[in-house]
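Only the coordinates and a few stated rules stand behind these numbers; no lab work does. All values reported here derive from a predicted model rather than from experimental measurement. Counting neighbours? That spans all protein chains shown, and the Cβs are built from the backbone with ideal geometry, glycine included.
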Ligand code: UDP
């Protein structure tokens, strides 16, 4: 049994895999520091309470219909959740506090920690006199930068006249103009996006602090700039999954464990791991290009194709039968992988990724070089850091073509270029891992965060 400090922290993750994982990991870290944990969550994408028996889980209705839960439009999903969850969330907190019988017990709740995309939680928290921390699950450079988009538009920089321009976006390097044009193309009307971002900025400014799933070693410049925007402390506590707390899965899908014995039989650093995360969807022809590109390398690959991620198809049935039969020992396709375990496996030599922040950081922490295939939002910036700043990967520049994929995999896995990339990512891995060890920057920020929460 952990020693408790008599304080409770309430967490409210956004119901997306990339937000649930770091939030649950943060819960484990805070629990190891003596806090009791209450997780309020929506019915949609509810975390598996049975995997975390030491936490209290409270489900609130989210009002989403079956059809709405299947939408691929994340912006729409977040908008609906914001419209429909405010009252249930408020009621849940009211009930929670009412159940704490005495005033003394009521004060045991120290703070609320939730995602910046929840737009109503700051006001609700204020009405309960509850300090709120925002958990930033993006690279902090993106968090700061995306809040400046409305300003860029006001000042006439957006939209860019040339949507394929290679030069850098002012105030948002190393993002290129073509990257930001792509991010904007995927978002619905610009006024809606701007007012949404404005609201995030306004509510975040009223919070008590931001907890960042990054570290000084990865985000030094943007952290230094944060005091131009925010007056409260920022806590870059490092990648949550490498803190020394007991591992348990917060996966919404069942990971296919057969990946591990399959990897055990492969040579060291011989396999390319391919995954585009929990949200990205591709067309049938893109699926085929990736399949042919991987197969043409004649090197081994482990490929995650999420059911429902190929437009109009259930899974991989559109791939030619001959391809699936020819996979043989060389390739393995699964519906969901135990990704952190896979990346830590000695057989993995490269990661073809969409560069979601969790995947990017997980890859860095295991020293696995990347091939970047970003699709939207913060992925575009993370990929630029990987290829242009840290130089720990190869950028596909959006070309989902078999020849390009084959070439990138070969360059990374076989060439001397790959060796250089591997050396650089191993050095970065060591720095990031050192930051969470005693005396490291992330470890010190975590101590500060715990002190701050205890001070309320
Ligand atoms: N993940 C996993 N198995 C898979 C694919 C992804 O466990 O087969 C996990 C991965 O380890 C990461 C998360 O899902 O923690 C994806 O988050 P990320 O920020 O990379 O991308 P998103 O899904 O938000 O686009």
Q) In whole percent, what relative contact order does the chain give with Cα contacts below 8 Å and a gap of six or more residues? A) 15 percent
Q) Could you give the length gained on full extension between residue 225 and residue 410, defined as 0.36 nm per residue of separation minus the Cα-Cα distance, in nm? A) 62.7 nm
**Q.** Length gained when the stretch residue 455-residue 311 is fully extended (0.36 nm per residue, less Cα-Cα span)
**A.** 46.8 nm
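Pulled fully out, how much extra length does the chain show between residue 49 and residue 389, if you take 0.36 nm times their separation in residues and subtract their Cα-Cα distance? Please list the in-between numbers first.
Working: separation 340, 0.36 × 340 = 122.40 nm, distance 3.96 nm.
Answer, rounded to one decimal: 118.4 nm.
Sort 173-182, 264-273 by packing, meaning the average of other beta carbons within 10 Å per residue, with the highest value first.
Numbers: 173-182: 20.1, 264-273: 16.9.
Final packing ranking: 173-182, 264-273.
Once a ≥ b ≥ c are taken as the square roots of the eigenvalues of the Cα gyration tensor of segment 273-386, is the result rounded (a/c under 1.5), prolate (a/b larger than b/c) or oblate (a/b not larger than b/c)? Please report the intermediate quantities before stating the final value.
Details: a/c = 1.88, a/b = 1.29, b/c = 1.46.
Oblate, because a/c is 1.5 or more while a/b does not exceed b/c.
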Q: Could you calculate the FRET efficiency of residue 244 with residue 91 from 1/(1 + (r/R0)^6), where r is the beta carbon distance between them and R0 is 56 Å, rounded to 0.05?
A: 0.90
(Q) Please compute the modelled spin-label separation between residue 327 and residue 423, points set 7 Å along Cα→Cβ, answer in nm with one decimal. (A) 3.7 nm
Q: Please find the FRET efficiency linking residue 168 to residue 195, where r is the Cβ-Cβ separation and R0 is fixed at 30 Å, and quote it to the nearest 0.05.
A: 0.70
Q. Using Cα atoms only, what is the angle between the long axis of helix 441-455 and the major principal axis of the chain, expressed in degrees (0 to 90) to the nearest 10?
A. 20 degrees
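For the chain, go through all pairs of different Cα atoms, get the mean of 1/r, take its inverse, and jot down that Kirkwood value in Å. Intermediate results must be reported in sequence, preceding the final value.
Numbers: mean 1/r = 0.0436 Å⁻¹.
Radius from the Kirkwood sum: 22.9 Å.
Assign one of three labels to segment 368-456, namely rounded, prolate or oblate, based on the Cα gyration tensor with a ≥ b ≥ c the square roots of its eigenvalues; rounded applies when a/c is under 1.5, prolate when it is not and a/b is larger than b/c, and oblate otherwise.
Working: a/c = 4.65, a/b = 2.02, b/c = 2.30.
Oblate is the answer for segment 368-456, as a/c is 1.5 or above yet b/c matches or exceeds a/b.
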